[in-house]
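These notes concern the structure reproduced below.
The values are calculated or read from the model by the stated rules, or taken from the named source; none is laboratory data. These numbers come from a predicted model, not from an experiment. Positions of Cβ are generated from backbone atoms using ideal geometry, with glycine treated the same way; all protein chains shown enter the neighbour counts.
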Amino acid sequence: MANKFGIKTDGVDKAVQGANKAVATADKNIAKVDNVANMVNKKLESVKTELVKVSQTEVDKMIDEAIKKQLDKNSGGLGTTLLTNYGIKHVYPWRPSSWPVATKIYNDLEKSNVGVVQILTRTVNKYFGYVAWGLVIATWAIGLIAWFVAKGKVKQIVSPFLVCPRCGHTFADKRTAMGLLKIFQPWKWF
């Protein structure tokens, strides 16, 4: 518009174009910085993952060493020998995947000549059945106790209601409300 009236705006146009170029350059640089930040974050995440793996490996090694030392101490050095013979590095009692190997080692220890190990394995073999049956009986006892407690609570809750002997419908009256108050005892809630 200013050009129609004879006013020259070439300098302003050049300044605007220069500003646009500067903004475009800044956008490109910001995008580069964002890319670098994303790469750094990915690298930091991978470093964190590696550190967790390394620390878990170190913890596993310390646990293995403690188990091996205790096993060697109690078996006269048979622990390390058996672990080497089976070609395994880890035996974890809390991981079911290592139980078959542990069973093989236990069977070999049972046949060994070390007195302490033989006494331990004989004791485990002798009393394992009793312990297993004791656990089964305890589980059944706990289940029966829970059943009787629940049955008693149901009887207490149902007892205040009246049941018609002819039609089987259940009715409630003032005694029902008092019975429910006695069961739940809301005054003790506060």
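Only residues in segment 155-179 that are assigned to a helix (DSSP H, G or I) and of a type in the set (S, T, Y) count as the first member; pair them with residues that are surrounded by 10 or more Cβ atoms within 10 Å (Cβ to Cβ) and at pLDDT below 75, Cβ under 6 angstrom, at least 6 apart or cross-chain, and list the lot.
The qualifying pairs are T176/P160.
Do the conditions hold for Q118, that is, is it surrounded by 12 or more Cβ atoms within 10 Å (Cβ to Cβ) and either farther than 30 Å from E58 by Cβ or at pLDDT 80 or above (or both)?
Criteria met by Q118.
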